[in-house]
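A.B. asks: Questions regarding the structure given below will be posed in turn.
The values are calculated or read from the model by the stated rules, or taken from the named source; none is laboratory data. Worth saying up front: this structure is predicted, and the values here are computed from it rather than measured. Note that each Cβ is placed from the backbone with ideal geometry, even for glycine, and that neighbours are counted across all protein chains shown. Areas reflect the complete protein model, heavy atoms only, side chains present, ligands, DNA and RNA absent. Shrake-Rupley method; radii C 1.70, N 1.55, O 1.52, S 1.80 Å.
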Amino acid sequence: MATTSTTSVKQILGDLNKDSFITLLGKLIGESKYVQNNPPELIPEEDRIVNHVLETLLPYSTTTGGGPLVINHVTYKPKRGNLIVDYPGTQPGKILSFVGMHMDVVTANPCDWEFDPFSLSIDGDKLQGRGTTDCLGHVALVSELMRRLGETKPQLKSTVVAVFIASEENSSIPGVGVDALVKDGLLDKLKQGPLFWIDTADKQPCIGTGGSIPWKLHVTGKLFHSGLAHKAINPLELAMEALKEIQSRFYRDFPAHPKEKVYEFATPSTMKPTQWFYPGGGINQIPGECTVSGDVRLTPFYNVTDAMKKLQEYVDDLNANIEELDCRGPVSKYVLPDENLRGRITISFDEASSGVACDLNSRGFHVLCKATKEEVGHAKPYSITGTLPLIRDLQDEGFDVQTSGYGLMATYHAKNEYCLLSDMCQGYRVFASVISQLED
């Protein structure tokens, strides 16, 4: 291995090899049809991606004797592997890692796209196809970084680790990806240095994410003919009024938090409906029940369990005092005393997850910001109430998690997904700068 000064690390790593990157990305996007993650219909075979990454890295590995890369292919379910790649440093305990480059994608319907989602197409600077932004573009990018380390063999104090993971887009089948790697202790050594989660977008550090609480509000009334509305309890009206009151109380109890400004959150915590269901029936029939569903997005300065407890308290109080809710017109009501009937609201929750506030005092954060400023031209960290539940789990386990990404937020999970080659080139140089700075 060549002796390396910190100033020369960036020179040795150089710029992204565009031809090699595009060739690898083309192979990965060619597999994207088979790594769509939407069980039970679509269960990804991430080993299809692993095989192409191995083809790139094995020539520079201890496995073949061709180089220093130490490669561990870890599989918990058939055809659904993870890949841990180490470039060993000289100083024990000095480490940095790039994690989160996931090898599954969200679904794509070719009928809705302007180009084939399952093959790479190039339009000027645009690299088009499912996974280019999220997250096969990052798989190819970090593979190229590790290949370059294995090829040039700079003598680094820090061990550089890349962790390519399975099963990020859907958690309904547990024990496949990073959760299993953490449980087995395979990532424990990464706690000794900054962990950069490479699965966001727009080339800036993402320093905060939201918690998510999916909820269902089921409302029971009394079915009756709409011409005799005084004999019905209209669950649609009850749902609207109850939800309005629940939202009012939520925003009173979970107002904008002072730290949201520090973290540049785009929005405060929100609680809103996104779906409406009712059993069907004629236009002249007041239904007997309906369900409103939605979610809470909670900034990480509030506790998800506290929010769920509050929502349950609101519902309990509304049920006890349902007569006090606003009605809609002279015969609208939620209680029929003569029949001893009361409208009723119940709330239930699907799996909730907590948000993340990255440590702004961490060396990893400062290094990432400096690298971003050097290579992108400015550093403007941001936060959103989108969720990355896996990184909260890592943070809770004691990892110093920082996040970034070099795709485009505007095409995340979208039709006609693409990334820009120029952005990926900048991302590569950010990684080189991070490695260089952490040598000091």
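A.B. asks: Looking at Tyr334, Cys358, Pro44, which one has the Cα that reaches farthest to the positive end of the dipole of the chain (charges on Cβ: Lys, Arg +1; Asp, Glu -1)?
C.D. replies: Towards the positive end, the residue furthest out is Cys358.
A.B. asks: Would you mind checking segment 376-419 for residues with the amide N under 11 Å from a putative spin-label position 7 Å along Cα→C-beta of Ser121?
C.D. replies: 416-417
A.B. asks: So which trypsin sites (Lys or Arg not before Pro) in segment 139-177 pass both tests, a DSSP loop state and at most 12 other Cβ atoms within 10 Å of the Cβ?
C.D. replies: Values: sites: Arg147, Arg148, Lys157; in loops: Lys157.
Here no trypsin sites (Lys or Arg not before Pro) fit, given the DSSP loop and packing criteria.
A.B. asks: Now for a separate question. Note down the magnitude of the dipole of the chain about its Cα centre, charges +1 on Lys and Arg C-beta and -1 on Asp and Glu C-beta and zero elsewhere, to the nearest 20 debye. Don't skip to the answer; put the middle values down first.
C.D. replies: Numbers: 42 positive and 55 negative charges, 113 e Å.
Computed about the Cα centre, the dipole is about 540 debye.
A.B. asks: Residues in segment 213-234, backbone N under 20 Å from the label point at Cys327 (7 Å along the Cα-to-beta-carbon vector): list them, ranges by number please.
C.D. replies: Within reach of a label on Cys327, which here means backbone N under 20 Å from a point 7 Å along Cα→Cβ, segment 213-234 contributes 219-234.
A.B. asks: Would you grab the residues whose amide H sits under 5 Å from the one on Thr75? Only those 5+ places off in sequence or on another chain, please, with H modelled 1.01 Å from N.
C.D. replies: Distant-sequence amide H within range of Thr75: Asn82.
A.B. asks: Please figure out what share of the DSSP beta bridges in the chain is antiparallel and state it in percent, rounded to the nearest 5. Mind showing how you got there, number by number?
C.D. replies: Values: 50 of 73 bridges.
Roughly 70 percent of the DSSP beta bridges within the chain come out antiparallel.
A.B. asks: Can you bin segment 120-202 into rounded, prolate or oblate? Criterion: square roots of the alpha carbon gyration tensor eigenvalues sorted a ≥ b ≥ c, rounded for a/c under 1.5, prolate for a/b above b/c, oblate for the rest.
C.D. replies: oblate
A.B. asks: Right, here's the next one. Could you work out how much longer the chain between Thr90 and Lys380 gets when fully extended? Use 0.36 nm per residue separation minus the Cα distance between them, nm to one decimal. List each step's numbers first, then the result.
C.D. replies: Details: separation 290, 0.36 × 290 = 104.40 nm, distance 3.36 nm.
Taking 0.36 nm per residue and subtracting the Cα distance, the gain is 101.0 nm.
A.B. asks: A further question follows. If you build a Gaussian network model of the chain, linking Cα atoms that sit under 10 Å apart, which residue out of Leu149, Leu120, Leu243 swings the most?
C.D. replies: Leu243
A.B. asks: Given H placed 1.01 Å from N in the peptide plane, which residues other than close sequence neighbours of Leu120 have an amide H under 5 Å from its amide H?
C.D. replies: Amide H neighbours of Leu120: Gly30.
A.B. asks: Give me the extension gain from Leu228 to Asp316: residue separation times 0.36 nm, minus the current Cα-Cα distance, reported in nm with one decimal.
C.D. replies: Full extension of this stretch gives 28.7 nm more.
A.B. asks: Could you provide, to the nearest whole Å², the per residue accessible area of segment 34-87 with probe 1.4 Å? The partial results should precede the final answer.
C.D. replies: On the way: 2380 Å² over 54 residues.
Accessible area per residue, segment 34-87: 44 Å².
A.B. asks: Mind telling me which of Glu323, Glu339, Glu375 comes out most flexible in a GNM of the chain, alpha-carbon contacts under 10 Å?
C.D. replies: Glu339
A.B. asks: Hey, rough spin-label estimate for Asp112 and Lys272, points 7 angstrom out along Cα→Cβ, what's it come to in nanometres?
C.D. replies: Reported label-point gap for Asp112 and Lys272 is 2.0 nm.
A.B. asks: Give me the 1.4 Å probe accessible area per residue for segment 233-389, excluding ligands and nucleic acids, in Å². Working shown, then result.
C.D. replies: Numbers: 8280 Å² over 157 residues.
Ligands and nucleic acids excluded, the result is 53 Å² per residue.
A.B. asks: Can you give the charge dipole size of segment 1-72 about its Cα centre, rounded to the nearest 20 debye, using +1 on the beta carbon of Lys and Arg and -1 on the beta carbon of Asp and Glu? Mind dumping the intermediate values first?
C.D. replies: Values: 5 positive and 8 negative charges, 55 e Å.
Taking the Cα centre of segment 1-72 as origin, the dipole is about 260 debye.
A.B. asks: Same structure again: With contacts defined as alpha carbon pairs under 8 Å and 6 or more residues apart, what's the relative contact order of segment 365-440 in percent?
C.D. replies: On the way: 41 pairs, mean separation 30.0, N = 76.
Relative contact order, segment 365-440: 39 percent.
A.B. asks: If I stretch the segment between Arg252 and Thr346 completely, what's the gain in nm (0.36 nm per residue apart, minus their alpha carbon distance), one decimal?
C.D. replies: Values: separation 94, 0.36 × 94 = 33.84 nm, distance 2.12 nm.
Once the chain is fully extended between Arg252 and Thr346, it gains 31.7 nm.
A.B. asks: For the chain, set up a Gaussian network in which alpha carbons nearer than 10 Å are linked by springs, and say which option among Gly355, Gly67, Gly281 fluctuates the most.
C.D. replies: Evaluated over the chain, the most mobile residue of the options is Gly281.
A.B. asks: Among all the aspartates and glutamates, which ones have a C-alpha under 20 Å from Lys259's C-alpha, if same-chain residues fewer than 8 places away are not counted?
C.D. replies: Within reach: Asp306, Asp359, Asp396, Asp400.
A.B. asks: Here's another thing I want to ask about it. When the Karplus curve 6.51 cos²θ - 1.76 cosθ + 1.60 is applied with θ = phi - 60°, which whole-Hz ³J(HN,Hα) does each residue of segment 42-52 get, with x for Gly and Pro?
C.D. replies: Residue by residue, segment 42-52 yields 10, 10, x, 10, 4, 4, 4, 6, 3, 4, 6 Hz.
A.B. asks: Quick one: grab the alpha carbon gyration tensor of segment 178-280, order the square roots of its eigenvalues as a ≥ b ≥ c, and give me rounded if a/c is under 1.5, else prolate or oblate depending on whether a/b is larger than b/c. Display every interim value, and only then the final one.
C.D. replies: Values: a/c = 3.80, a/b = 2.28, b/c = 1.67.
Because a/c hits 1.5 or more and a/b exceeds b/c, segment 178-280 counts as prolate.
A.B. asks: Tell me, how many Å apart are the Cα centres for segment 376-440 and for segment 286-353?
C.D. replies: Using only Cα atoms to place each centre, the spacing works out to 39 Å.
A.B. asks: May I pose another question? Under 15 Å Cα-Cα from Lys77, which aspartates and glutamates qualify once same-chain neighbours fewer than 8 residues away are excluded?
C.D. replies: Glu45, Glu46, Asp47, Asp104, Glu168, Asp179, Asp184
A.B. asks: For the chain, what are Rg and Dmax over the alpha carbons, in angstrom?
C.D. replies: 25.7, 90
A.B. asks: Taking the Cα-to-Cβ direction at Gln11 and at Ser362 and moving 7 Å from each Cα, how far apart do the two end points lie in nm?
C.D. replies: 3.2
A.B. asks: Quick query: amide H of Leu341 versus all other amide H atoms, modeled in the peptide plane; which residues come in under 5 Å with a sequence gap of 5 or more or a different chain?
C.D. replies: Amide H neighbours of Leu341, under 5 Å, 5+ apart: Leu336.
A.B. asks: Take the solvent-accessible surface of the protein heavy atoms, probe 1.4 Å, and return the percent of it on the chain that carbon and sulfur atoms account for.
C.D. replies: Values: 9450 of 18620 Å².
C and S fraction of accessible area: 51 percent.
A.B. asks: Rounded to the nearest 5, what % of the DSSP beta bridges within segment 34-103 are antiparallel ones? Provide the component values of the computation, followed by the final result.
C.D. replies: Values: 7 of 8 bridges.
In segment 34-103, approximately 90 percent of DSSP beta bridges are antiparallel ones.
A.B. asks: Just list whichever of Lys18/Lys415; Lys216/Lys333; Lys309/Lys380 have alpha carbons separated by over 28 Å in the model shown. Kindly include the intermediate steps, with their values, before the conclusion.
C.D. replies: Details: Lys18/Lys415 25 Å; Lys216/Lys333 22 Å; Lys309/Lys380 35 Å.
Table pairs above 28 Å Cα-Cα are Lys309/Lys380.
A.B. asks: Give me a comma-separated list of calculated 3J(HN,Hα) values for segment 18-34, in order, Karplus coefficients 6.51, -1.76, 1.60 applied at θ = phi - 60°, integers in Hz, x for any Gly or Pro.
C.D. replies: Residue by residue, segment 18-34 yields 4, 5, 5, 4, 5, 4, 5, 4, x, 5, 5, 5, x, 9, 4, 4, 9 Hz.
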